[in-house]
Amino acid sequence: MRYLVTGGAGYVGSHLVAEIRDRGGEVVVVDNFVTGHRDAVLPGVRLVEGDVGDAATLQAALAFGPFEAVFHFAARSLVGESMRDPMLYFRENVGKGAILIDSCVRGGVRKFVFSSTAALFGVPGEGPIGETAPIAPVSVYGESKAMIERMLAWAGRVHGLRGACLRYFNAAGADAAGRLGEDHRPETHLIPLAIDAALGRRPPLEVFGTDFPTPDGTCIRDYIHVADLADAHLRVLTRLDAGSVAYNLGTGRGHSVLEVLRAVEAVGGRAVPHCLAGRRAGDPANLVASSARIAAETGWAPRRAALEAIVASAWAWRVAHPDGFAA
Ligand code: UDP
């Protein structure tokens, strides 16, 4: 089986590529390396360097097909940046997404798996968030992903493209074989920041908000291992034979910021220097997925759901690669 992966040099994309290779599949990666890393493209993977908004790049990549499916990860993904420069996100994510979907339709691609986000749901109500929760993003980033979901729905209706929209909650952790890990620049995510604080590689971590309506006052998130996300991407392919789908992807268990810090301390055997700070704009108190639908329809279940296991894989990668991938 051969697959096209856009953003295959990025965090979640590179872990999917590794999973496909480990299962004996072939991969063509399209990446412009604006946020991806050259060293995250594993040996044996064909690389087409370029932009998903560039039709010639896409034509060159699609020429290596036919592809069983296209996995689309390439995107801008910083909420704060999207609120400072909304049109950047509409141009990069939505405009280029339209060019990619169009090229795929013209190129005869039948299945398209899209990297979507819990940010679609804005500030949801109580309880685990299922697929019927209202789509009401409160960031331009979330809005841009919602717009791509809508474009895919229309590509399905008009052209018969089968789309799977996978709304990740908090992707975390690293490749068990140590080949890949999380390396965002700048890093904004809790687990890598907490690990670096514990390793003394950055100032004390700021805990954003201690007055949320949660048991310890800090935000609750649903952390899901990237390898479990990768597995979900491959499982939905069979399900797409029966039509397009959208799935929320998490473990169904939430952990507070302070619980994450304790997990990092337990795994690393060192304190995580931190200070209590004010809330970060736009953070909902509690985001936990219900992944009952994908479980029922594909048999998917997170296999690395324990927070300490997720943190342990992230810790191992960071200790082995204190500066991340080579610059
Ligand atoms: N967080 C924090 N300090 C940081 C970074 C994150 O307290 O330096 C909190 C953040 O407010 C949220 C949780 O950790 O409640 C997870 O944040 P992250 O940015 O990793 O993911 P998000 O939930 O925003 O997608």
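Which ones in the range 12-25 are on the phi < 0 side of the Ramachandran plot and out of contact with any helix residue (DSSP H, G or I) (no Cβ under 8 Å at 6 or more places or on another chain)?
In the first step, residues of the range 12-25 are kept if they are on the phi < 0 side of the Ramachandran plot; the result is 12-23, 25.
Listed by number, the residues that qualify are GLY13, VAL17, ARG21, ASP22, GLY25.
Under 16 Å from the mean Cα position of the chain (by Cα), among the polar types (S, T, N, Q) and buried (at least 19 other Cβ atoms within 10 Å of the Cβ): does that describe SER82?
For SER82, the condition - under 16 Å from the mean Cα position of the chain (by Cα), among the polar types (S, T, N, Q) and buried (at least 19 other Cβ atoms within 10 Å of the Cβ) - is not met.
Would you point out the residue of the range 267-280, among those that are open to solvent by 60 Å² or more (accessible area, probe 1.4 Å) and not in a strand (DSSP E or B), that is nearest to the ligand (Cβ to nearest atom)?
ARG280
Has the range 46-55 got any residue that is over 25 Å from TRP317 (Cβ atoms) and part of a helix (DSSP H, G or I)?
Checking the range 46-55: at least one residue is over 25 Å from TRP317 (Cβ atoms) and part of a helix (DSSP H, G or I).
Out of the residues in the range 191-219 that are open to solvent by less than 30 Å² (accessible area, probe 1.4 Å) and among the β-branched types (Val, Ile, Thr), which is nearest to the ligand (Cβ to nearest atom)?
Filtering first and then ranking leaves VAL207.
Rundown of residues vs (1) more than 16 Å from the ligand (Cβ to nearest atom); (2) open to solvent by 20 Å² or more (accessible area, probe 1.4 Å); (3) in a strand (DSSP E or B); (4) in contact (Cβ under 8 Å) with a residue 12 or more places away in the chain, yes/no style:
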{"position": "VAL105", "(1), (2), (3), (4)": "yes, yes, no, yes"}
{"position": "PHE114", "(1), (2), (3), (4)": "yes, no, yes, yes"}
{"position": "ALA119", "(1), (2), (3), (4)": "no, yes, no, yes"}
{"position": "GLY125", "(1), (2), (3), (4)": "yes, yes, no, no"}
{"position": "PRO137", "(1), (2), (3), (4)": "no, yes, no, yes"}
{"position": "ALA155", "(1), (2), (3), (4)": "yes, no, no, yes"}
{"position": "VAL158", "(1), (2), (3), (4)": "yes, yes, no, no"}
{"position": "ALA171", "(1), (2), (3), (4)": "no, yes, yes, yes"}
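Can you tell me how many residues in the range 1-36 are among the small types (Gly, Ala, Ser), under 18 Å from ARG110 (Cα atoms) and in contact with a His (Cβ under 6 Å, 6 or more places away or on another chain)?
0
Anything in the range 19-48 that is of a type outside the set (A, V, I, L, M), in contact (Cβ under 8 Å) with a residue 40 or more places away in the chain and under 18 Å from HIS184 (Cβ atoms)? List them, or say none.
Those that are of a type outside the set (A, V, I, L, M), in contact (Cβ under 8 Å) with a residue 40 or more places away in the chain and under 18 Å from HIS184 (Cβ atoms): ASP31, ASN32, THR35, HIS37, ARG38, ASP39.
Taking the condition of a type in the set (Ser, Thr, Tyr), open to solvent by 20 Å² or more (accessible area, probe 1.4 Å) and more than 14 Å from the ligand (Cβ to nearest atom), does THR188 pass?
no
Need pairs with beta-carbon distance below 6 Å; first residue within 19 Å of ALA292 (Cβ to Cβ) and within the range 234-253, second open to solvent by less than 10 Å² (accessible area, probe 1.4 Å) and in a helix (DSSP H, G or I); sequence gap 6+ or separate chains.
TYR247/ILE294; LEU249/ALA232
I'm told ASP222 meets every condition in (1) near the ligand (Cβ under 10 Å from one of its atoms); (2) acidic (Asp, Glu); (3) open to solvent by 20 Å² or more (accessible area, probe 1.4 Å) except one. Can you identify the failing condition by its number?
That leaves (3) as the condition not met.
Looking at the range 256-266, which of its residues are without any contact (Cβ under 8 Å) to a residue 60 or more places away in the chain and buried (at least 22 other Cβ atoms within 10 Å of the Cβ)?
Once the filter is applied, which keeps residues that are without any contact (Cβ under 8 Å) to a residue 60 or more places away in the chain and buried (at least 22 other Cβ atoms within 10 Å of the Cβ), the range 256-266 yields only ALA263.
Please specify each residue of the range 281-300 satisfying the condition of being surrounded by fewer than 14 Cβ atoms within 10 Å (Cβ to Cβ) and not in a helix (DSSP H, G or I). Explain how you work it out, then say what you get.
First pass over the range 281-300, keeping only residues surrounded by fewer than 14 Cβ atoms within 10 Å (Cβ to Cβ): 281, 296, 299.
Passing the criteria: ALA281, GLY299.
Has the range 113-124 got at least one residue that is under 24 Å from LEU190 (Cβ atoms), modelled with pLDDT under 95 and out of contact with any helix residue (DSSP H, G or I) (no Cβ under 8 Å at 6 or more places or on another chain)?
yes
Which of the residues spanning the range 225-257 are closer than 21 Å to VAL123 by Cβ, within 14 Å of the ligand (Cβ to nearest atom) and among the hydrophobic types (A, V, I, L, M, F, W, C)?
LEU249, VAL257
The values are calculated or read from the model by the stated rules, or taken from the named source; none is laboratory data. The structure displayed is predicted, hence computed values, not measured ones. Because the Cβ atoms are built from the backbone with ideal geometry, glycine has one as well, and the counts that use them run over all protein chains shown. Accessible surface areas use protein heavy atoms only, side chains included; no ligands, DNA or RNA. Shrake-Rupley method; radii C 1.70, N 1.55, O 1.52, S 1.80 Å.
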